[in-house]
Amino acid sequence: MKAGKIDIGNLKELILDKISASHQDVLVRPKIGEDSAVIDFGEFVAVMSTDPITGVKEGMGSLAVNVACNDIAANGAKAIGIQQALLIPPTTSKEEIVAIIQDINQAAQDLGIDILGGHTEITDIVTQPLVVCTAIGKTTKDKYVTSSGAKVGDDIVVTKWSGLEGTAILANDYYQKLVELGIDEGLLKEGQGLIKDLSVISEGLIGAEFGVNAMHDVTEGGLYGSVFELSIAAEVGFELEENLVPLHPATKAISDKLKINPYQLIGSGMMILTSERGEELVKELELAGIKATIIGKIVEKKRVVNTKEGQVTFTNAPQDELWRFLAEN
């Protein structure tokens with residue numbers, strides 16, 4: 001199998017088809033395109049999600065917190081706290097452990113959430129530190145949103161820029177190589193700074209209050225992979241206009257030099273929202289200081305992107321470009 005997020009076919013065959021369901025209080029269960037569980041607690045629902053951070057050298061603690069809490073936000077809920085499991089190889093120093101924990105704690109403070117517990121273990125099973133984060137949040141039962149709610153005719157709205165997380169990772173971990181390839185150091189510093197833009201909590205809460213039909217935060221597989229997952233969850237199609245997808249200048253520069261597709265680059269920090277009132281939603285997000293763009297439509301069946309080279313049809317979620325780059329380098 002290829003490194004990275006397991007492909008949809010194997011996810012269904014090896015994992016989802018082997019899971020049984022019995023508890024009636026579980027409102028949203030494991031499903032392609034749904035990253036969180038939603039549990040009924042009367043007037044309120046609890047929302048829970050788990051994410052690991054792999055393939056990263058710097059800032060793994062803050063990434064773990066933000067990525068898990070983003071899943072909560074994509075359901076229109078507000079995160080309350082996290083639990084993290086930290087697996088550390090025996091070669092790790094005490095200073096490195098402290099740095100990871102401080103990174104996790106700072107991210108939690110920035111988001112206004114608590115660290116509720118976790119597990120820390122020294123093991124030679126891993127060759128570098130591995131952080132796995134579980135986030136829990138809540139909202140009222142009438143406000144939670146899913147990926148499967150997208151409807152034919154909805155505008156597809158995205159926030160910020162495509163490939164944010166991958167840009168920050170590459171600008172940090174491959175800084176010297178990118179300088180040698182001719183990218184301006186100031187632009188690379190901007191790319192590194194995108195690590196501060198990875199939260200989608202604000203847009204998630206705005207989307208829920210606005211009444212969007214569906215939300216899904218962009219992660220592995222980038223924008224195209226995440227839109228594909230949403231379409232599978234909702235049993236619909238999509239048509240995107242690639243020229244409308246916003247790219248940060250640092251993302252474009254890094255992608256051009258490393259021959260990476262920025263639309264298939266891991267992209268925490270971008271939220272996908274679908275609504276029949278796309279223009280109103282964009283205005284609502286922009287009033288809150290969040291960049292927002294309509295990039296396409298939810299359609300009945302076809303799953304296509306219109307590019308300058310022509311129309312591309314997607315039959316599966318693409319492999320993430322970060323993993324492809326790491327495997328080849």
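The values are calculated or read from the model by the stated rules, or taken from the named source; none is laboratory data. Everything numeric in this text was worked out from a predicted model, so none of it was measured. Cβ: placed from backbone, ideal geometry, glycine included. Neighbour counts: every protein chain shown.
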For this session: Determine if the range 50-57 includes at least one residue that is modelled with pLDDT of 95 or more and not in a helix (DSSP H, G or I).
Result: yes
Problem set entry | Filter pass, THR315 being closer than 25 Å to LEU11 by Cβ, in a strand (DSSP E or B) and hydroxyl-bearing (Ser, Thr, Tyr) | no
Problem set entry | All positions within the range 290-303 that are under 23 Å from LYS252 (Cβ atoms) and either out of contact with any Phe, Trp or Tyr (no Cβ under 7 Å at 6 or more places or on another chain) or surrounded by fewer than 18 Cβ atoms within 10 Å (Cβ to Cβ) (or both) | ILE290, LYS291, ALA292, THR293, ILE294, ILE295
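Quick check on this structure: which one of LEU247, LEU223, LEU230 is surrounded by 23 or more Cβ atoms within 10 Å (Cβ to Cβ), under 28 Å from ILE183 (Cβ atoms) and at pLDDT 95 or above?
LEU223
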Exercise. Tell me, which strands (runs of 3 or more DSSP E) wholly within the range 101-195 include 1 or more residues that are in contact with a helix residue (DSSP H, G or I) (Cβ under 8 Å, 6 or more places away or on another chain), closer than 30 Å to VAL282 by Cα and hydrophobic (A, V, I, L, M, F, W, C)?
Worked result: 130-140, 155-159
Problem set entry | Residue satisfying condition, being farther than 18 Å from GLY221 by Cβ and in contact with a His (Cβ under 8 Å, 6 or more places away or on another chain), within set GLY186, GLY153, GLY182, GLY191 | GLY191
Exercise. Hey, any hits in the range 198-207 for a residue that's part of a helix (DSSP H, G or I), among the charged types (D, E, K, R) and not assigned by TED's automatic domain parsing to the domain that holds ILE80?
Worked result: yes
For this session: Scan ILE113, ILE80, ILE100, ILE72 and give me the residue that is in contact (Cβ under 8 Å) with a residue 24 or more places away in the chain and closer than 26 Å to TYR174 by Cα.
Result: ILE100
